[in-house]
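Enquirer: Before I ask anything, here is the structure I am working with.
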Amino acid sequence: MTFLKFFLLTLLLLVGFSAKHPHSLQAQSVGDYIQPLDLDILMNDITDEELVLLGEASHGTSEFYTWRAEISKRLITEKGYRFVAVEGDWPQFTRLNAYVKHLPGAPESIDEAFDELDRWPLWMWRNVEFRDFVEWLHQHNASLPLFDRVGLYGVDLYAKQKAMQDVQTWLGTIDSGLERQASNAYRCLTRYADIRQYLQSVAQSGEDCREDMIAVRDLILNIDDDLLFGDIEDDGDDEVFITIWDVFNATQNAELVISAEEHFRGNLSQGPQSWNARARHFMQTTSRLLEFYMDIYGQPEKGIVWAHNTHIGDARATDMGRHNMVNIGQLSRELLGHENVFAIGFGTYEGSVLAASGGEGQMETMPVSPPAEGTWEHLLANAAELDEFYLNFSDESLRSITSTMIPHRAIGVVFDPQMAERNNFPASIPAERYNAFIFIRTTDVLESIP
């Protein structure tokens, strides 16, 4: 089984947990707390949390992307959020980050930057809605000092080959001997034709490459400062910042390889190890970004994360918790404190979505049918006549009537509309899973970029 097939199987199992929990939510009761979807209201509800987590009920819905973009713009311009981290691969998003921050050697155009987004499912990030947001970031940063430009990063771990290449290339600019050391260590993985062969070897021998991957990370961390900063003039503040960023980027690529190896090796067990390794990498990457910005500015800074509801909604409030699965929604609350995280879930009643019928399959426009009675989405659709609205679970009365398990839609990159009622409504406790929820009655597909 390839790692991609395992990932898709895990996702299908995740969204396929049966929702057998009783619920007693009433649309009329919830309707008393519904507010129009007004960004001014939402901005007042978000105070000074270190992380704002913006979800989505699918990876192929236009409205989820456009609303996350509008929320992010307001958080950046009005509340000083420093970065946006998305469910994409770090090495590819490093090039997009260079573009939006106008770094030396950055892509000269948005099209060139988007050429880096080459991993299936392409529609997930190669779409007009996201491109418009990237272009906005690029323009927003244009007149700002280098230190103050807002960053764009990927928190996922599937581009391990590119990450290893980037580490070796950067080390080669510092010292050819360091590059050779990294290449020799990475050979523990690269000698295998694919990850399946590596896993077969680990299963047979019991020996893995984790320590070799860690050695490369430590190699970067132990580079002498004279090698890094020795040629920079006293007034070269921008050069110092870029060098600090280059070290951070190389370290993060090395950390990605460590996490990826753990994630793939988790395929050998039947438990949640593989999923949890990826979830912890999401959190560790985000935490490192917060630390990076704190080191730069000398005070705690704030970031935004875009990811699926299954990642940003606290796993303990879903069937995931019963299967010992964690996610960034849970881990961020544990690390930073519940009061320092604001998680917003997204949902829809009906419409269309971009997805594939199988792993690495062709992009298709698929129907999102009205959900069955007794689901969270059906309840919300009957709670108000508004096309778009917002719930804030900070209200204790609302929390008391939404603190029970209820089926809640989740669509992945692979989707079978015929099996949606069975496979795509895992049980969830909305008031414990999110801080707030945005409901859009009818949604449409992303405008993909060929």
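Nothing in this text is a laboratory measurement; each read-out follows from the coordinates by a stated rule. Treat the numbers as computed from the prediction; the structure is a model and nothing was measured. We place every Cβ from the backbone using ideal geometry, glycine too, and count neighbours over all the protein chains shown.
Enquirer: Using a Gaussian network model of the chain with C-alpha springs under 10 Å, which one of E135, E49, E239 is most mobile by mean-square fluctuation?
Expert: Comparing E135, E49, E239 in a Gaussian network model of the chain, the most mobile one is E239.
Enquirer: Turning to a different aspect of this structure: Comparing W376, W245, W125, which has the greatest mean-square fluctuation in the GNM of the chain with Cα pairs linked when under 10 Å apart?
Expert: W245
Enquirer: Could you check which residue among Y99, Y198, Y434 shows the biggest mean-square fluctuation in a GNM of the chain with a 10 Å Cα cutoff?
Expert: Y198
Enquirer: Local charge sum around Q168 (other residues, Cβ-Cβ under 10 Å, Lys/Arg +1, Asp/Glu -1)?
Expert: Once all neighbours under 10 Å are counted, the net charge is -1.
Enquirer: Defining a contact as two alpha carbons under 8 Å apart and six or more residues distant in sequence, what relative contact order in percent does the chain show?
Expert: Once divided by the residue count of the chain, the mean separation gives 29 percent.
Enquirer: How much net charge surrounds V86 when only the other residues with a Cβ under 11 Å from the Cβ of V86 are counted, with Lys and Arg +1 and Asp and Glu -1?
Expert: -3
Enquirer: Which Cα, out of I174, N222, Q200, lies furthest along the positive dipole direction of segment 140-234 (beta carbon charges, K/R +1, D/E -1)?
Expert: Of the options given, the answer is Q200.
Enquirer: Rounded if a/c is under 1.5, else prolate if a/b beats b/c, else oblate: with a ≥ b ≥ c from the C-alpha gyration tensor eigenvalues square-rooted, which is segment 252-321?
Expert: Oblate is the answer for segment 252-321, as a/c is 1.5 or above yet b/c matches or exceeds a/b.
Enquirer: Which parts of segment 368-398 would a label at Q26 reach, counting a residue when its backbone N lies under 19 Å from a point 7 Å out along Cα-to-Cβ?
Expert: 373-385, 396-398
Enquirer: In deg cm²/dmol and to the nearest 500, what is the mean residue ellipticity at 222 nm of the chain if only DSSP H runs of at least 4 residues count, each as -39500 (n - 2.57), divided by the residue total? All intermediate terms of the calculation are to be shown ahead of the outcome.
Expert: Working: 21 runs with 224 residues, N = 450.
My calculation for the chain gives -15000 deg cm²/dmol from helical runs alone.
Enquirer: Per residue of segment 157-163, what does 6.51 cos²θ - 1.76 cosθ + 1.60 with θ = phi - 60° give for ³J(HN,Hα)? Whole Hz please, x for Gly and Pro, Karplus curve as stated.
Expert: Those phi angles translate into 10, 7, 9, 5, 5, 5, 4 Hz.
Enquirer: Right, another one. Just want the ordering: T318, T404, T173, T442, from fewest to most Cβ atoms lying within 10 Å of their own Cβ.
Expert: Placing the least packed residue first, the sequence is T173, T442, T404, T318.
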